[in-house]
């Protein structure tokens, strides 16, 4: 079944970015045995998404609407429930779920870092399955043995081991000096060696930065 789910996700330029076995006290649909977290599959996610009807219809929130349709359809095909990190409050605890999967970790700059996606990790939704699926053991954190260039890469000094200074970040982006981050994506995220191997295109980063700094 896991191979089938991977194929359904791959057809929509998505990947299984982790999963975990449900516990009785989890805030999940009744009967859930396994949760799988879905996110962009790179390379190719942005080209796929921007060819979809939600992107082209001019209505707000195209990525969230696309995620609801596509992941909702996958869930229906599997007899599962689709869960999303948006649409609240209340919001599903995707940050905690990501850590619980063992494939995401708290990075040196306190943001999530993923074993494949690095600091560019994002989750478009999750599948709550009734089946107890055998999940492979997660690999070590990508930060182990890393020189940790993310700690010094932020030109605004907004991301450090102390955490994220949101006001400082927005202040930098509002100046001419912030153009590089706005057009190419967060410098600290880009500095992560694992992020560099994840092939996020500049247009994708520019769109998300524009949504963040508006």
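The values are calculated or read from the model by the stated rules, or taken from the named source; none is laboratory data. Since we're looking at a predicted model, the values are computed, not measured. All Cβ positions, glycine included, derive from the backbone under ideal geometry; neighbour counts span all protein chains shown.
For region 74-85, which residues satisfy the criterion of being in contact with a helix residue (DSSP H, G or I) (Cβ under 9 Å, 6 or more places away or on another chain), over 13 Å from residue 35 (Cα atoms) and part of a helix (DSSP H, G or I)?
At the first step, the residues of region 74-85 found to be in contact with a helix residue (DSSP H, G or I) (Cβ under 9 Å, 6 or more places away or on another chain) are 74, 77-78, 80-85.
Keeping just the survivors that are over 13 Å from residue 35 (Cα atoms) gives 74, 77, 85.
74, 77, listed by residue number.
Residues of region 85-107 that are buried (at least 19 other Cβ atoms within 10 Å of the Cβ) and within 16 Å of residue 127 (Cβ to Cβ): 85, 92, 94, 97, 98, 101, 103.
Looking across region 57-73, the residues that are part of a helix (DSSP H, G or I), in contact with a helix residue (DSSP H, G or I) (Cβ under 8 Å, 6 or more places away or on another chain) and more than 23 Å from residue 199 (Cβ to Cβ) come down to 65, 69.
Selection over region 15-46 of residues that are free of Cβ contacts under 8 Å to residues at least 60 places away in the same chain and at negative phi gives a count of 7. Screening residue 7 with (1) within 20 Å of the chain's Cα centre (by Cα); (2) assigned to a helix (DSSP H, G or I); (3) touching a residue at least 12 places away in the same chain (Cβ under 8 Å) gives one miss only, at (3).
Residues 107, 122: which one is at pLDDT 95 or above, in contact with a helix residue (DSSP H, G or I) (Cβ under 7 Å, 6 or more places away or on another chain) and under 22 Å from residue 186 (Cα atoms)? Write out each step before concluding.
Details: 122 fails: in contact with a helix residue (DSSP H, G or I) (Cβ under 7 Å, 6 or more places away or on another chain).
Checking each option against the conditions leaves just 107.
Out of the residues in region 14-27 meeting the condition of being closer than 12 Å to residue 100 by Cβ and either under 22 Å from the mean Cα position of the chain (by Cα) or surrounded by 19 or more Cβ atoms within 10 Å (Cβ to Cβ) (or both), tell me which one is modelled with the lowest pLDDT. Before you say what the answer is, go through the steps one by one.
Kept after step one, since they are closer than 12 Å to residue 100 by Cβ, are these residues of region 14-27: 18-23, 26.
So of that shortlist, the ones also either under 22 Å from the mean Cα position of the chain (by Cα) or surrounded by 19 or more Cβ atoms within 10 Å (Cβ to Cβ) (or both) come out as 18-22, 26.
Values: 18: 98, 19: 98, 20: 98, 21: 98, 22: 98, 26: 94.
My answer is 26.
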